[in-house]
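What follows is a short report on a single structure.
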Amino acid sequence: MKRGVLLLNMGGPNNIGEVELFLRNMFADENILPIHPRLRRIIGNRIVRKRLKEAEENYRELGGKSPLTEITWSLAAKVEELSGLPVRPAMRYVPPFAEAALKEFQHAGIGELVLFPMYPQYSTTTTRSSVEDVEARCEAMGYHPRIRVIDPYYDDYDYLDIQADRIAEASRGIKTEEYDLILSAHGLPLSIIKAGDPYEKQVEANVSALKTYLKCRGVPFKNIRLAYQSKVGNAAWLEPNLADLLRRPENLKVLIFPLAFTVDNSETLFELDREHRRIAEKIGYEDYRVAACPNAGEDFAAFIARKIVPTE
C-alpha cells in the first residue's frame, strides 16, 4: 500500500496579509475555544480585533512573515529523502493547508496517511485539532485512506537527545553550572486541562526526563525550571508564567529552551528571543540566551523518518 506523510502544525503567516487569517482561523477552532459556536464567534472576533495590529507589528519585526513554513518545507524534503515516502507540510490555520497535499495523495493513489504531529506533547488544542482537520477534509473529498497518527514523543530517548543537543549548542562557551535552564512550554487555560487534556502531565514528564538525561550527559545547570508562555486573556492559565518568572529572578544568567516547539516561530523568535529578552535587559540580567528548536536539523529529520517507517 502506498504511503504518504503529513507534518502537522498550526502554521504561521507567510506574509503580513495572512496574519488576520491566521488569528481568525485559530480562534474559530472549537478545540482552541471549546464553547458554543455563537459565543466562540463573538469572542474570537473580539480577540482578533484586539490583537491584530500588535501581531502584524510583531511579524514585521521578524521580516514580514513566520519562518515556520519555510523551515517545515526544508524538513519535509529531508525526511522524504531519508524515508523514500512523499512528505508534505499540513498547516492548520494558514497555507499550506492539508487539503493541497491530500488532493495530491488522492490522485497518486496513496492508501495510507501517516500523520506526524509537530507537537512533542499531545493536546486537544494541537494534535487533536490537526488530526480532526485532516479527517474532515478527507471526508469532504471522498478520500478514505487508512490513517496512522504517530504517538507523542516527548519522552522518546532519541528525541530527548535532540533536545539536549540544542541546549548544548546554545551553551557553548559558558559554564552551565552558573546558569538556570528554563524550559518554556506554550501555556493553556486551566479549563482545558481540567477537562482532561493530558498536555500538562506530558510537559512535566518531558521536563523530568530531560533533567535526568542532561545529568547523564554531564551538562549541569544551577537550576532547571519549567515555565509557560503565550498567555491570552484574563482566564487562569498554567503556571508559572515565564514573564513573571523572569521579573522575579533567582539567577541573572538564564538559558531558555522552547520545550513544546519543534520549529522556530513567532513564539520563539519574537516572544522568547525579543519580547522576553527586553524584560531581562530592563532588569539587568548578566546573560539571557534562547536555544533553537530542532527545526530542519539532520538529526530531527532522521528521527521523523524512523518514526514514520513501520518496523514490521
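The values are calculated or read from the model by the stated rules, or taken from the named source; none is laboratory data. Predicted model only: the values in this text are computed from it and were never measured. Here the Cβ positions follow ideal geometry from the backbone for every residue, glycine too, while neighbour counts run over all protein chains shown.
Below, the figures for the structure above:
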| item | result |
| --- | --- |
| Residues being over 21 Å from Glu54 (Cβ atoms) and surrounded by fewer than 22 Cβ atoms within 10 Å (Cβ to Cβ) - total across region 261-287 | 5 |
| Among (1) within 26 Å of Arg46 (Cα to Cα); (2) at pLDDT 95 or above; (3) polar (S, T, N, Q) - the single one Gln202 does not satisfy | (1) |
| Some residue of region 186-196 being part of a loop (DSSP other than H, G, I, E, B) and of a type in the set (Val, Ile, Thr) | no |
| Test for Glu54: is it of a type in the set (D, E, K, R), under 20 Å from Pro95 (Cα atoms) and surrounded by fewer than 18 Cβ atoms within 10 Å (Cβ to Cβ) | no |
| Selection status of Tyr153, part of a loop (DSSP other than H, G, I, E, B), touching a residue at least 60 places away in the same chain (Cβ under 8 Å), more than 25 Å from Phe270 (Cα to Cα) and in contact with a helix residue (DSSP H, G or I) (Cβ under 8 Å, 6 or more places away or on another chain) | yes |
| Filtered residues of region 104-145 (kept if on the phi > 0 side of the Ramachandran plot and touching a residue at least 12 places away in the same chain (Cβ under 8 Å)) | Gly109 |
| Pro258 being surrounded by 21 or more Cβ atoms within 10 Å (Cβ to Cβ) and under 25 Å from Gly173 (Cβ atoms) | yes |
| Residue list for region 82-103, filter: in a helix (DSSP H, G or I) and in contact (Cβ under 8 Å) with a residue 40 or more places away in the chain | Leu82, Ser83, Ala98, Glu99, Ala101, Leu102 |
| Pairs where the first residue, in region 272-288, is part of a helix (DSSP H, G or I) and the second is surrounded by fewer than 17 Cβ atoms within 10 Å (Cβ to Cβ) and among the acidic types (Asp, Glu), C-beta under 8 Å, 6+ apart | Arg274/Glu61 |
| Index of the failed condition, Glu169 passing every other in (1) of a type in the set (Asp, Glu); (2) surrounded by 15 or more Cβ atoms within 10 Å (Cβ to Cβ); (3) within 14 Å of Phe257 (Cα to Cα) | (2) |
| Pair list, Cβ < 8 Å and 6+ apart or interchain, from region 40-62 residues that are in contact (Cβ under 8 Å) with a residue 60 or more places away in the chain to residues that are in a loop (DSSP other than H, G, I, E, B) and loosely packed, with under 13 Cβ neighbours inside 10 Å | Ile47/Gly233 |
| The listed residue being at negative phi, part of a helix (DSSP H, G or I) and not polar (S, T, N, Q), out of Phe300, Phe221 | Phe300 |
| Residue match in region 281-289 (condition: in contact with a Phe, Trp or Tyr (Cβ under 8 Å, 6 or more places away or on another chain) and of a type outside the set (D, E, K, R)) | no |
| Considering residues of region 87-113 that are within 10 Å of Leu8 (Cα to Cα) and charged (D, E, K, R) only, the residue surrounded by the most Cβ atoms within 10 Å (Cβ to Cβ) | Arg92 |
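Conditions tested, residue by residue: (1) at pLDDT 95 or above; (2) charged (D, E, K, R); (3) under 17 Å from Asn206 (Cα atoms).
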site	(1), (2), (3)
Lys222	yes, yes, no
Lys231	no, yes, no
Asn251	yes, no, no
Arg278	yes, yes, no
Ala291	yes, no, yes
Asp299	yes, yes, no
Val309	no, no, no
